[in-house]
């Protein structure tokens with residue numbers, strides 16, 4: 001830090017302003033006279049998109065390993081594996097002279113229509129946070145930086161640079177920030193990238209509450225805040241809000257604006273110095289890592305293959321899988337020979353090689369007889385002849401493998417999907433082939449959920465392989481022929497209809513704004529609360545073996561909130577082949593002062609078991625596992641009471657449950673005010689203490705005044721008259737000041753005076 005402070009003291013105003021903007025599309029502004037080096041950043045997150053020329057944005061990138069996208073990574077539920085991928089990415093960064101990799105993408109899958117969902121982990125913030133932290137830690141353990149993005153509320157592509165994401169504070173805190181929070185606190189990314197959009201009316205690049213108050217002060221982020229590319233409209237306002245580095249560059253007009261703002265006093269030098277200090281810290285940290293050399297192409301390809309196989313999800317299987325490596329196999333679908341392994345946009349990687357699925361199938365089963373049919377064209381046109389050819393091939397075979405890829409024109413960065421459907425030709429193809437050949441296996445290639453209920457009944461098995469990276473073709477063969485037992489679990493819900501999705505009526509917005517009206521209820525939280533049936537629930541995934549759960553236990557049944565607890569369960573492989581199971585732990589609050597989802601994921605572990613083997617899995621739960629964000633107290637609150645701990649293999653397949661009792665140790669501040677209801681006074685410990693004598697007096701006056709309401713013992717004779725208890729219930733939900741207004745004459749003091757006195761007592765003691 002002394003070195004940085006020394007350099008800072010020697011910098012001119014012009015140098016400071018220039019440092020806060022890039023020198024090119026991918027580099028900072030170096031200062032040779034002070035020894036400030038150039039730093040190169042590159043797009044990620046599932047591969048290194050290193051541009052040969054620092055001034056080019058869209059040119060073909062240098063060859064690098066294309067690993068699976070985040071949609072598949074999350075489906076592995078394996079943080080150690082993601083950490084290994086991060087280390088491999090860092091090795092490639094060093095070989096390609098990249099200092100900071102722009103990723104991971106950690107935005108929530110609010111709607112399956114978001115065109116960029118393949119770059120994001122999950123609909124669940126806990127799972128997304130764990131994945132992001134593992135990714136960051138893996139990369140940065142090798143001396144290469146990351147850029148956690150897109151912070152925050154960037155959950156759609158429609159008008160992404162201008163849209164105003166409007167949501168309440170609790171929704172922001174419980175759904176859209178926790179994954180970022182976990183990644184920042186646990187993995188400490190070198191940089192965080194702000195998003196394009198507005199949040200509640202303010203551009204994120206100029207949102208001091210988000211960038212400074214929460215990220216820097218509350219979470220303790222010590223790294224550098226960088227803009228998404230072209231996200232800055234007013235650099236002076238951005239610097240004042242907490243943004244440090246504007247990209248891309250050069251931005252001479254913005255630099256001049258910063259200089260003038262300091263000179264005229266609009267921007268304080270201390271604010272500019274803080275941004276410069278953070279930038280220098282990252283630049284010099286990056287310079288400590290040696291660059292150059294080569295990376296092991298074969299090793300990384302094999303790792304990409306392993307990751308892809310671990311994340312493939314077996315959605316359905318009537319026993320046809322795993323396949324025998326013999327017989328006649330009809331392979332149908334363009335994507336069997338034209339591998340669909342990554343999405344479009346800034347994360348598009350120039351792969352070192354590509355494993356073609358059809359060729360990999362032939363390698364895996366050299367004695368089998370394979371035929372291939374195109375099945376569907378590369379666009380959304382109709383070609384009945386291709387379907388006829390496929391049906392003929394399927395009838396002549398022992399089984400059919402249908403490779404169905406959702407084309408890039410349906411989902412990509414830059415635009416959202418308009419439906420959840422496959423292209424019509426693909427649906428007709430599946431229906432026709434499955435009718436002709438009962439042993440029909442569908443391999444889905446897509447970045448986000450698709451509607452399956454229109455065709456899945458007729459097929460024997462379904463594999464969800466997402467965008468599985470350059471080695472995905474080999475991974476598919478590994479799973480199909482049983483060399484790898486599938487263990488992937490869905491990190492998102494597959495709905496039956498678009499109309500069932502949480503944000504259906506509020507996505508992607510209109511008139512420049514999108515309302516997050518569903519609040520906390522995205523993903524499985526929504527479907528379970530509304531009892532909406534789904535095609536496949538969050539956490540679902542089958543195996544070629546079976547697992548049994550037994551002897552669930554906790555280390556303490558009654559615990560203090562800050563202590564947390566540990567939950568254990570024994571898992572046994574009850575099948576005939578080795579396999580991996582993902583143990584999922586959900587928490588349900590039996591009674592809360594504020595509405596809460598029916599259950600929320602708060603822990604998981606992936607465990608490998610040989611046939612007949614039993615292992616004990618232990619999962620810790622901390623304070624946040626039981627807490628919710630209380631907007632009135634502006635903090636996380638865990639209330640006294642009973643909680644259910646639900647252990648299962650998906651959000652809907654719960655195998656064991658336990659109940660524990662939490663004892664709160666929080667001393668919450670009094671939030672009573674002039675508008676607080678009688679009920680709110682009663683539920684506040686200090687408030688009830690000072691109110692109770694007056695309440696007893698007021699109740700006695702009320703009972704005397706309204707005694708006529710209770711004169712009829714026979715309710716039929718009373719007709720619609722309210723009873724005294726009904727009146728008191730109504731009174732309890734009225735503002736105290738309004739109740740006392742009615743009783744003021746009886747109490748001998750004005751209602752305003754009485755409430756002011758009570759508030760003085762609760763807030764001064």
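Every number in this text was worked out from the coordinates using simple rules, so none of it is lab data. Here the structure is a predicted model, which is why all the values come from computation and not from measurement. Don't worry about glycine lacking a Cβ; one is built from the backbone with ideal geometry, like all the others, and counts go over all protein chains shown.
Here the gap between residue 142 and residue 3, fully extended at 0.36 nm per residue and compared with their Cα-Cα distance, gives a gain of 47.7 nm. Size descriptors for region 547-663 (Cα atoms only): Rg and Dmax, in that order, 15.4, 55 Å. Hydrodynamic analysis of region 345-404 uses the Kirkwood radius over alpha carbon pairs. Inserted into Stokes-Einstein at 4 °C and 1.567 mPa s, it gives a translational diffusion coefficient of 92 µm²/s. Compared with the dominant Cα axis of the chain, that is its longest principal axis, helix 736-747 is turned about 10°. When each of the peptides 62-74, 565-577 is scored by how many other beta carbons lie within 10 Å of its residues on average, the order from highest to lowest is 62-74, 565-577. Residue 396 label point, 7 Å along Cα→Cβ, cut-off 17 Å on backbone N: hits in region 361-384? Only 368-375 pass the distance filter. Taking 7 Å steps out from each Cα toward its Cβ at residue 513 and residue 418 produces label points 2.7 nm apart.
Taking the DSSP bridge list for the chain and keeping only pairs wholly inside it, about 55 percent are antiparallel.
Note that region 306-536, at 37 °C in a medium of 0.692 mPa s, gets a Stokes-Einstein diffusion coefficient of 178 µm²/s from its Kirkwood radius over C-alpha pairs.
Here residue 260 and residue 290 are evaluated by their C-beta separation; at R0 = 35 Å the FRET efficiency comes out at 0.30.
In terms of the mean number of neighbouring beta-carbon atoms within 10 Å, the peptides 512-523, 472-483 order highest first as 472-483, 512-523.
Against the chain, whose longest principal axis is taken from its Cα atoms, helix 79-95 shows a tilt of about 60°.
With log10 I(q)/I(0) by the Debye sum over Cα atoms at q = 0.06, 0.08 Å⁻¹ in mind, check [x] -0.54, -0.88; [y] -0.44, -0.74; [z] -0.40, -0.70 and report the label derived from this structure. It is the one labelled [y].
In plain terms, the chain from residue 622 to residue 576 could stretch by 12.9 nm, reckoned as 0.36 nm per residue minus the Cα-Cα distance. In this calculation the C-beta distance from residue 379 to residue 59 is compared with R0 = 30 Å, giving a FRET efficiency of 0.70. Per residue, the convex hull spanned by the Cα atoms of region 259-384 measures out at 250 cubic angstrom. Estimated from the Cβ-Cβ distance and a Förster radius of 30 angstrom, the FRET efficiency linking residue 497 and residue 356 is about 0.30.
With the simple model of a label 7 Å out from the Cα in the direction of the Cβ, residue 363 to residue 299 spans 1.9 nm. The gain in end-to-end length when the residue 234 to residue 744 segment is fully stretched comes to 178.1 nm, 0.36 nm per residue minus the alpha carbon separation. What angle, in degrees between 0 and 90 and rounded to the nearest 10, separates the Cα long axis of helix 125-140 from the longest principal axis of the Cα atoms of the chain? Compared with the principal axis, the helix lies near 50 degrees.
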